Amino acid sequence: MGCDLPGTLLCDECREALPVIDQDFACPRCGAPFGSIVCTECSAEWTEIGRTVSALVFDGTARRLVTVYKDAHERRLAPILAGLIHRALEESGALAGLEAPLDAIAFIPSTPSAYARRGFDPMEGVAAELAPLLGLPAIDVLAHEDVGDQRALGRSERAANVQGSFAAIGDLFEMRLLLIDDVITTGASARAAALALASHGATVEVCASVARVW
Ligand SMILES: [Zn+2]
Ligand SMILES: [Zn+2]
């Protein structure tokens, strides 16, 4: 995956070279690297989610990991991505620091068009691998909201509209959730998902992503 060494998906050398975020120096709120003292990224906007943790900086091999998994159908990467999230959660202490244990893992779903193109939902696969590591069930409770007729919108507006519109499914009363996503850029998507979950009674205590754009 990183260097085309035959016989292994991600060799030890490439794994060592991953741009892992040092959780001791990450922002305790939004998970941005190097924000442990003052984070200029999250300011007062990052309020819908208790805490966000990202495993890697979205660069180099990290970018390739996510892209190959999602768009080249290398589904054997799911446990590797889940393992990276699991390690970041452990190193950050994000779960250990919670007042009460979590109830389940929710995930940001693919858009319907991406699902049709790929034939699988990438984060659903990672959630399923993360579930036994954390001893929590993975639940499929988010959907992209029907955003209506978008033909009048420009391309970037359309993308923003789809990204930011979620509906939660079912009764999630008093559920405490871990929400996972592949890549966090501004956090807008995760926060929109957290708002949808909140409207069904759930709280996103922790959000975790494979990578963070930095
Ligand atoms: Zn390698
Ligand atoms: Zn921050």
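Values in this text are rule-based calculations from the coordinates and carry no lab data. All of these numbers come straight from a predicted model, not from anything done at the bench. Positions of Cβ are generated from backbone atoms using ideal geometry, with glycine treated the same way; all protein chains shown enter the neighbour counts.
Brief remarks follow.
- When DSSP beta bridges are restricted to pairs lying wholly in the chain, around 15% turn out antiparallel.
- Cα centre as origin, Lys/Arg/Asp/Glu Cβ charges: the chain dipole, Debye: 500
- Unit Cα scatterers, Debye sum, segment 14-212: log10 I(q)/I(0) for q = 0.14, 0.16 Å⁻¹: -0.78, -1.04
- Theoretical ellipticity at 222 nm over the chain - DSSP helices of four or more residues, -39500 (n - 2.57) apiece, nearest 500: -10000 deg cm²/dmol
- The residues neighbouring S189, those whose beta-carbon lies less than 14 Å from its own, together hold a net charge of -3 under the Lys/Arg +1, Asp/Glu -1 convention.
- Per-residue packing, averaged as other Cβ atoms within 10 Å, sorts the ranges 4-16, 55-67 into the order 55-67, 4-16, beginning with the highest.
- Dipole of segment 14-212 [Lys/Arg +1, Asp/Glu -1 at C-beta], most positive-end residue of T185, C39, F173: T185
- For the chain: relative contact order, % (alpha-carbon pairs under 8 angstrom, 6 or more apart): 24
- Residues T8 and S113, FRET efficiency given R0 of 30 Å [Cβ-Cβ distance, rounded to 0.05]: 0.35
- Around the amide H of L179, modelled in the peptide plane, lie the amide H atoms of A106, V206, C207, A208, all under 5 Å away and 5 or more residues distant in sequence or on another chain.
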